[in-house]
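*Asks:* Sharing a structure, written as structure tokens. Questions coming.
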Amino acid sequence: MQEKLLNLQQEALSEIKDMQDIEQVESLRVKYLGKKGEITSILKEMGKLSAEERPVIGKVANEVREAIDTAISTKKDELKNIEKQRKLAEEVLDVTMPAKEFKVGKKHPISQIIDEVSEIFIGMGFSIAEGPEVETVGNNFDALNAPKDHPSRDMSDTFYINDELLLRTQTSPVQVRTMKNEELPIKIISPGRCFRFDAPDATHSPMFHQIEGLVVGKDVTMAQLKGTLDMFVKKLFGEHTKTKFRPHNFPFTEPSAEVDVTCFKCQGAGCQMCKGEGWIEILGAGMVHPNVLRNCGIDPEVYSGFAFGMGLDRITMLKYEIDDIRLLFENDMRFLNQF
Ligand code: PHE
């Protein structure tokens, strides 16, 4: 029996020695040492032995068991180590390799102008209000006092979604939302996207940006409108900038004006930038029409207000001397990286 055990040990050790696979090695533990393993089956014969032989064989059996167990553990460690070395060799890191270029984006020039313009108005006590790009016909036209036959209502000028909804053609509907929902006094600006049914060319894009301004309260005057815009253009274009208010017509303001600033390139002398005029038109403005106040539940006998709106794409183009609006929306990094 002793011999059987020793033979088994030899057989096991040589089998372990040739193993290449960790899982297979582990399975030998069951094969030799498990409850139904080979050693156990030899030891089942123990009953046939004499009382003197039994402890001797028991001792040998333990030694054999231990030898096989140690061999399995050692082999496993060995295989693990080989695997580790193989992985290390495979995953060598070449620290001299140049790093991948990491590109950080930057703000779009229009976003930069929105920030700059907003900063100036925030400094004058305005807060920012936002409105949706999909608007109601009511907020975009009706409440703003636009006559039913106003040309801008036409299908050929406005993107309608259905009879009641459209893509806002101006930021002015934010005026309506603010007057209807906020407490007086109101002092807001509202930058955002607008949409008009225009074929793209150097100065037109069906999607463009405006910023709206609205002040409503007691004793709000046209003088304050002029003062506010004057201060704004001086901050944006430089201290020497002058404004000129030309009479105009908007349905939602009365009186209304278009506002020009002295060309910041030639200071009014006339150059290519201002097409020899010395002046550049940058915004529309006026005193909020009593009908608009009334439509928004504000008593025009008690309150008054002024409003203005300007095209941000145009201001961006003027400031950075960009001669084609389409460049702003083509997302060509060679262009955008210049700002
Ligand atoms: N909404 C006008 C436009 O798109 C601009 C404007 C805003 C004029 C506010 C007056 C007051 O042309």
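*Asks:* Looking at (1) assigned to a helix (DSSP H, G or I); (2) in contact (Cβ under 8 Å) with a residue 24 or more places away in the chain, which one does GLU23 not meet, given that it meets all the others?
*Replies:* (2) is the only condition that GLU23 fails.
*Asks:* Same structure, new question: Answer yes or no as to whether LYS107 is of a type in the set (Lys, Arg) and surrounded by fewer than 12 Cβ atoms within 10 Å (Cβ to Cβ).
*Replies:* Here the answer is no, as LYS107 does not meet what is asked.
*Asks:* Something else now. In region 318-337, is there at least one residue being under 20 Å from SER152 (Cβ atoms) and away from the ligand (no atom under 11 Å from the Cβ)?
*Replies:* Yes, there is a match, as at least one residue in region 318-337 is under 20 Å from SER152 (Cβ atoms) and away from the ligand (no atom under 11 Å from the Cβ).
*Asks:* Follow-up. For ALA99, which of the numbered conditions (1) surrounded by 14 or more Cβ atoms within 10 Å (Cβ to Cβ); (2) farther than 21 Å from VAL292 by Cβ; (3) among the aliphatic types (A, V, I, L, M) fails to hold?
*Replies:* (1)
*Asks:* Filter region 301-317 for residues that are of a type outside the set (A, V, I, L, M) and either surrounded by 21 or more Cβ atoms within 10 Å (Cβ to Cβ) or within 16 Å of the ligand (Cβ to nearest atom) (or both) and give the result.
*Replies:* SER304, GLY305, PHE306, PHE308, GLY309, GLY311, ASP313, ARG314, THR316
*Asks:* Let me ask another. Search region 193-205 for residues that are assigned by the TED database to the domain that holds MET310 and pair each with any residue that is within 13 Å of the ligand (Cβ to nearest atom) and outside any loop (DSSP other than H, G, I, E, B) when their beta-carbon atoms are under 7 Å apart and the residues are at least 6 apart or on different chains.
*Replies:* ARG193/HIS209; CYS194/PHE208; CYS194/HIS209; CYS194/GLN210; SER205/ASP313
*Asks:* If GLY286 meets every condition in (1) among the small types (Gly, Ala, Ser); (2) within 37 Å of the chain's Cα centre (by Cα); (3) in a loop (DSSP other than H, G, I, E, B) apart from one, which number is that one?
*Replies:* (3)
*Asks:* Which pairs turn up if I take residues in region 283-297 that are more than 19 Å from ASP230 (Cβ to Cβ) and look for partners that are within 14 Å of the ligand (Cβ to nearest atom) and part of a helix (DSSP H, G or I) with beta carbon separation below 6 Å, at least 6 apart in sequence or on another chain?
*Replies:* CYS296/VAL176; CYS296/MET179
*Asks:* Ok, one more. Evaluate the following for MET310: is it under 20 Å from PRO191 (Cβ atoms), outside any strand (DSSP E or B) and under 36 Å from the mean Cα position of the chain (by Cα)?
*Replies:* It is false that MET310 is under 20 Å from PRO191 (Cβ atoms), outside any strand (DSSP E or B) and under 36 Å from the mean Cα position of the chain (by Cα).
*Asks:* Name, by its number, the condition in (1) modelled with pLDDT of 95 or more; (2) within 16 Å of the ligand (Cβ to nearest atom); (3) assigned to a loop (DSSP other than H, G, I, E, B) that does not hold for ASN162.
*Replies:* Just one mismatch for ASN162, condition (2).
*Asks:* Filter region 254-279 down to the residues that are part of a strand (DSSP E or B) and crowded, with 20+ Cβ neighbours inside 10 Å, then identify the one that is farthest from the ligand (Cβ to nearest atom).
*Replies:* THR262
*Asks:* Would you kindly identify the strands (runs of 3 or more DSSP E) lying entirely within region 182-253 that contain at least 1 residues that are over 21 Å from GLY286 (Cβ atoms) and either within 14 Å of the ligand (Cβ to nearest atom) or out of contact with any Pro (no Cβ under 8 Å at 6 or more places or on another chain) (or both)?
*Replies:* Per the criteria, 186-195, 207-217.
*Asks:* Going through region 218-233 one residue at a time, which ones are touching a strand residue (DSSP E or B) at 6+ places or on another chain (Cβ under 9 Å) and on the phi < 0 side of the Ramachandran plot?
*Replies:* Within region 218-233, LYS218, VAL220, THR221, MET222, GLN224, LEU225, LYS226, THR228, LEU229, ASP230, PHE232, VAL233 qualify.
*Asks:* Hey, among GLY138, GLY58, GLY131, GLY105, which residue is under 46 Å from the mean Cα position of the chain (by Cα), among the small types (Gly, Ala, Ser) and part of a helix (DSSP H, G or I)?
*Replies:* GLY138
*Asks:* A further question on this structure: Could you list, in sequence order, the residues of region 293-307 that are over 36 Å from the mean Cα position of the chain (by Cα) and among the hydrophobic types (A, V, I, L, M, F, W, C)?
*Replies:* Of everything in region 293-307, those that are over 36 Å from the mean Cα position of the chain (by Cα) and among the hydrophobic types (A, V, I, L, M, F, W, C) turn out to be LEU293, ILE298, VAL302.
The values are calculated or read from the model by the stated rules, or taken from the named source; none is laboratory data. Just so we're clear, the structure is a prediction, and the values are computed from it rather than from any experiment. Positions of Cβ are generated from backbone atoms using ideal geometry, with glycine treated the same way; all protein chains shown enter the neighbour counts.
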